[in-house]
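Each value in this text was obtained by applying a stated rule to the coordinates, not by laboratory testing. Bear in mind that the values here come from a model prediction, so they are computed numbers and not experimental data. Positions of Cβ are backbone-derived with ideal geometry, glycine not excepted, and every protein chain shown enters the neighbour counts.
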Amino acid sequence: DSRFRYIEPYYGRLTQAQGDVKPMGEHKQFNGLVATWFSVILFAQLGVLLRLVLTQLSALDGHQMSTTLYSNFLGCAAIAFINAAKPVFDSFKLAPIFYGICAGFCGALTTFSTWNMEVARWLIGWPSPNLLATTGGASVFSGLSAALTELSVSCIGYQLGRAVAEWTEVAELAVPTGEAILHQCANALPADQRRERTLALRRRALPLPVTAALTGAGGGQPAGVLMQRRTSSLYMHGTDAGEQFEGDEGADAEEILHFQRRAYVFCFALIPTIVVGYARMLSEEEQQALFFMLLFAPLGALLRFYLSTLCNGLPQSFKAGTFYANVSACVLLALLTVFRAQQGCFVAGQSFVEPWWGNVISGMSVGFCGSLSTMSTLVAQMYEMDAGDGFSYVAVSLAASQAAMLTILGLFLSDGPSRVCA
């Protein structure tokens, strides 16, 4: 079909007849993956740092007791906006930075495990100083309120981010080659379908949906579908990072390459500068705790990244990779919380381990567990699915996490402690 001819120069890998993918140089694929790893690592550190700052600011809020409300709201808004800007990253071959922002920054800024721990502590009546005043039925209703409030606020943040992206038309900032492809795709269709398909292509900006739109496959979903196919595992979690890293062979290739280098240098230099600048304002004890948080956060983000890559596509109606990451983080966080309580928050004379272990546990709780779990991806995937599948996905994630946490905390409390340090 002649309509496929102009896709070849842009994506560089679709054949006219079969749409087969041409092999890419191994060194280019490796370079793309390395750039993705570094992006996820650095942006995860930036995300956990911002979450730490927002947690400290939440102590000033006398209306609610959640430490994650603001970070989850902001992270969900950010991932919606960045997903809408994906065509811009693609046009400049900056997919590694896109994945770093989505999987690293947004994933580490938001946290599913800490939110669930706060809900579980309310539901079970955890005897910490700040929760002792609320017991019985009031504690259960407080837990339900915490669950509903934070989930609702996260969804509102996501919708706000998407609305800002549509209002600013951020996808229009892509280089002209992408815009030319859209016009050519639209012109190849009957006149009564051009406008609808052009809007749909601009919102999707994916190779497979472009092919489907040209051939009429997939039914041609309307442009108003909420973020449809915007956060699938193949799209969000880096499987095309190596492909997007490879430069085009055209008049704009050199300019895009220079822009790539400037973008990488800017990001990879700015983030460590921010981290070091913030650390210098802290005390020595706080710097040690921050060190462990920044050390463990990239490990959690990378593990979630690859769990999503390997498992999110099977099946499409349930994002198993994100589910495994969230539930695993909740189980580990519950175990760390019990260990901290057993050791009296590592106060000298009340614990059999050195006090600096408290900073290690904080690093694993805030850094690793907080970055392994994600609220932003959960909400984005909920909007990707059909209503029934999305509701079931979130409900099962919450139920499994709460069941695991309540079991672990309940077994600890069954031994009879009437008060814990935190």
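Structure notes:
- Dimensionless Rg over Rh [region 77-168; C-alpha; Kirkwood]: 1.18
- Using θ = phi - 60° in the Karplus curve 6.51 cos²θ - 1.76 cosθ + 1.60, the 3J(HN,Hα) couplings for region 389-402 round to 5, x, 5, 5, 4, 5, 4, 5, 4, 5, 5, 5, 5, 5 Hz; x is entered for Gly and Pro.
- Placed amide H near Ser128: partners under 5 Å, 5+ positions off or other chain: Val420
- Karplus-derived HN-Hα couplings along region 150-160 (A = 6.51, B = -1.76, C = 1.60, θ = phi - 60°), whole Hz, x at Gly and Pro: 5, 5, 5, 5, 5, 5, 5, x, 5, 5, 5
- Measuring nothing but how far apart in sequence close Cα pairs (under 8 Å, 6+ apart) lie, relative to its length, region 279-356 scores a relative contact order of 13 percent.
- Region 366-416: C-alpha gyration tensor shape, a/c 1.5 cut-off, then a/b vs b/c: oblate
- Applying the criteria of a DSSP loop state and at most 16 other Cβ atoms within 10 Å to the trypsin sites (Lys or Arg not before Pro) of region 268-357 yields Arg280.
- Ordering of 287-300, 34-47 by packing [mean C-beta count within 10 Å, highest first]: 34-47, 287-300
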